[in-house]
Amino acid sequence: MNYNWNWNIFWDIAPDGTGTYFESLIAGLKWTLATAGLGWVIALALGLVIGTLRTAPNKWVVRLANAYVELFRNIPLIVQMFLWYFVFPEVLPEAWGTALKQLPNAPFVTAVLSLGFFTSARVAVQVSTGINALPRGQKMAGTALGLTLPQTYRYVLLPMAFRIIIPSLINEVAAIIKNSSVALSIGLIELMASTRSMQEMSFKTFEAFSAATIIYLIVSVIAILMSNLLEKKLRVPGFITSGSANSGGH
C-alpha cells in the first residue's frame with residue numbers, strides 16, 4: 001500500500017482554529033468520558049430499581065419492569081438517540097420542548113439520557129440475575145430476623161447480588177464508553193466526532209482512526225483494571241470465582 005504516514009500531523013494546527021489535532025482529540029475524549037460517566041450513574045440507579053422490581057413478589061410489578069427492560073434493550077441505541085433528540089421535545093408541552101431545543105448542550109444531555117436508559121435495561125438484567133442467583137435461604141433469613149421486604153433487599157440481597165454481578169458490570173462500563181461514540185450522530189463532538197473531523201480536515205484517515213483506537217483501548221483497559229481491583233476487594237468466596245458468577249450452591 002502506497003501511503004505516506006505522517007504521525008506529526010497530531011501537532012499541526014487544525015483549520016477550525018481549535019488548536020492542534022491532538023488537543024482536539026483530547027477535548028473529544030473529555031466529552032466521551034463525561035457522557036459515559038453521567039450515563040453510567042443513570043444506568044446504575046435505574047438498573048438497580050428496575051432489576052429489583054423484576055424479582056418482586058407482585059406479578060404486575062414484574063411485568064412492568066420486564067416491559068421496561070424489553071423496550072430499552074431491544075431498540076437500537078442510535079434510534080433511541082434520535083427519538084430523544086428529535087421526537088421527545090415535540091411531544092412535550094410547547095414551552096418545555098422549546099426550552100430543551102434551545103439548551104446550549106442539548107446533544108450532550110440527549111446522549112447522557114439515551115446511554116443511561118439504554119444501559120439501565122442491561123444493568124437491570126444483571127441485578128435481577130444476581131438476586132435470583134442467591135440461595136433462597138438468604139431471603140428467608142432476612143424475614144426470620146424481622147426485616148421487612150424492602151429491608152431484606154437493602155441489607156441482605158442487594159449487597160450480595162452486587163458482589164456476584166461485578167464482572168458483568170465491568171463489561172457494561174467498557175460498553176457504555178464505546179457506545180458513547182453513537183452520540184456523534186446527534187452532533188456531540190466526542191472522541192469519534194473529533195476523529196472524523198480530523199480525518200476530513202487533514203485527509204489522514206489511518207492516523208486519525210489509529211489514534212482513536214488506541215485512546216479507546218487505553219480508557220477501556222484502565223476502566224477494567226480499576227473494576228477488577230474493586231472486584232477483588234469485594235469478592236465473596238463461593239459467589240465469585242475467576243471473574244464469573246457462581247450460583248452459590250443452589
TODO: Quick one: what are the phi-derived ³J(HN,Hα) couplings along the stretch 30-42, Karplus 6.51/-1.76/1.60 with θ = phi - 60°, whole Hz, x for glycine and proline?
DONE: 4, 5, 4, 5, 5, 5, 5, x, 5, x, 5, 4, 5
- [ ] Rounded, prolate or oblate: pick one for the stretch 27-129, where a ≥ b ≥ c are the square roots of the eigenvalues of its C-alpha gyration tensor, a/c under 1.5 means rounded, and failing that, prolate if a/b is larger than b/c, else oblate.
- [x] oblate
Open item on the list: What does the C-alpha gyration tensor say about the overall shape of the stretch 88-205? Classify as rounded when a/c is under 1.5, otherwise prolate if a/b is larger than b/c, or oblate.
Closed with: oblate
TODO: Using amide H atoms built 1.01 Å from N in the peptide plane, name the residues 5+ places from residue 20, or on other chains, whose amide H lies under 5 Å from its own.
DONE: 14
Task: FRET efficiency, 1/(1 + (r/R0)^6) with R0 41 Å, evaluated for residue 232 and residue 30 via beta carbons - done: 0.90
Task: Extension reserve of the residue 94-residue 49 stretch, reckoned as 0.36 nm per residue once the Cα distance is removed - done: 13.1 nm
Task: Unit charges at the beta carbon, dipole of the stretch 1-94: most positive-side option, 27, 39, 5 - done: 39
TODO: Could you tell me which chymotrypsin sites (Phe, Trp or Tyr not before Pro) in the stretch 155-223 are loop residues by DSSP with no more than 12 other beta carbons within 10 angstrom of their beta carbon?
DONE: 203
Task: Carbon + sulfur, % of accessible area of the stretch 58-115 - ligands and nucleic acids excluded, 1.4 Å - done: 70 percent
Task: Accessible surface, the chain, averaged per residue in Å² (probe 1.4 Å) - done: 55 Å²
Task: Ranked packing of 58-66, 79-87, 36-44, most packed first, by mean Cβ within 10 Å - done: 36-44, 79-87, 58-66
Task: Which label in [x] 1.03; [y] 1.16; [z] 1.22 gives the computed Cα Rg over 2.2 N^0.38 Å - done: [z]
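The values are calculated or read from the model by the stated rules, or taken from the named source; none is laboratory data. Note that this is a predicted model, so its numbers are computed, not measured. Neighbour counts are summed over all protein chains in view; Cβ atoms, including those assigned to glycine, are modelled from backbone coordinates with ideal geometry. Just so you know, the surface numbers come from the protein's heavy atoms only, side chains and all, with ligands and any DNA or RNA stripped out. Shrake-Rupley method; radii C 1.70, N 1.55, O 1.52, S 1.80 Å.
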